[in-house]
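Written out below as structure tokens is the structure these notes cover.
Read-outs throughout are calculated quantities, based only on the coordinates presented, and are distinct from any laboratory measurement. What you see is a predicted model, and the numbers here were worked out from it, not measured in a lab. Every residue, glycine among them, receives a Cβ derived from its backbone with ideal geometry; neighbour counts consider all protein chains shown.
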Amino acid sequence: MKAAIVRESGQAPVYGDFAEPVPGAGETRIAVTAAAISQVVKGRASGRHYSSSGRFPFVVGIDGVGRLEDGSRVYFVLPKAPYGSMAERAVVPASHCLPLPDGLDDVTAAAIANPGMSSWAAYTERAKLKAGETVLVNGATGTSGRLAVQIAKHFGAKKVIATGRNADALRSLAALGADVTIPLVGSDAELEQKFKQQFAEGVDVVIDYLWGNSAERLLIAGAKAGAEGVPIRFVQIGSVSGADITLPSAVLRSSSIELMGSGIGSIPLERLVKAVGGLLQATLPGGFKIAANPVPLSEVEQAWPKDDSTRRTVFTVDQRKS
């Protein structure tokens, strides 16, 4: 079969032939129609993601959309290694498949599942977000962050605060539900002061896609300006701005900050799959918006380096030709 294959560490995927996956007991074979690039997919392809296996060659992609042998459309996640979702066919446990709602097209489903799940799971599984609470999304201008703003409002957040470096992208977030935007510019002291103002007014949940310096400033500001004894649930999801931070120990001793992570390993797989199911069912009624760029899988070598955070690159497979 044709697939996007990583042959050696540090190399980008190439389009080529790979052995067909064979389903075992409890597994099902899927004719893939769409699979999207995500930060996890890129991290695994490069070997830098914490869940990378380190074995080569392999087919890239952790999730996608396709059809079962009976023709029903499904979203699927985590094909068994060394197979991935960016191929003509994939094999997954039957429990890793979810039916797609009528009206939700394949490209949109593939594009929204991973970035939308990141905040959906963080809100439901980790932060336990309640209607009427205030949410701050750190790194809201990327695909995942934009969805985190929309999903917070869908869950009934009273106020959503969005941060980011791109001024134009920040301004566009008002139409998606952001009530306050904070540009991540200026000195540490200036940034901390902006955050302290919001914490003084009340922040219940922080969803962090950046880590790095802005997360440091947020945690310090929350400790200084948050209401005494009132928890701030800080959920760490991504590390676009850096893998490490320096945090004074007093930040945690002197505050009610609850620092936690959300991702593969912190939430049982079956509940992550359930979170995707909730997201997909809510996408149309919730009016969630995501920009996607569909590209034939055969063009993976040209499209891979052009992927950015503004539009999801979704590789498509025409099963009539495979």
As an exercise, identify the GluC sites (Glu not before Pro) in segment 36-138 lying in DSSP coil whose Cβ has no more than 13 other Cβ atoms within 10 Å. E69
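Report for the chain the percent antiparallel among DSSP-assigned beta bridges with both residues inside it, nearest 5. Don't skip to the end; give the middle numbers.
Details: 26 of 54 bridges.
Among the beta bridges of the chain, antiparallel pairing accounts for roughly 50 percent.
Give, in nm to one decimal, the length gained when the segment between L247 and N213 is fully stretched (0.36 nm per residue of separation minus the Cα-Cα distance).
Numbers: separation 34, 0.36 × 34 = 12.24 nm, distance 1.00 nm.
Once the chain is fully extended between L247 and N213, it gains 11.2 nm.
What value in Å³ per residue do you get for the convex hull of the alpha-carbon atoms in segment 115-261? Numbers along the way, then the final one.
Working: hull volume 13.7 nm³, N = 147.
Considering the Cα atoms of segment 115-261, their hull volume per residue is 93 Å³.
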Springs between alpha-carbon atoms under 10 Å, Gaussian network over the chain: tell me which of E20, E192, E270 tops the mean-square fluctuations. E270
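Determine the gain in length on full extension of the stretch K289-K158; use 0.36 nm per residue of separation and subtract their C-alpha separation, reporting nm with one decimal. Intermediate results must be reported in sequence, preceding the final value.
Details: separation 131, 0.36 × 131 = 47.16 nm, distance 2.00 nm.
Length difference between fully extended and current span is 45.2 nm.
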Percent breakdown of C-alpha pair distances by 10 Å bin, ordered from the shortest bin, for the chain: 6, 27, 33, 21, 11, 2, 0
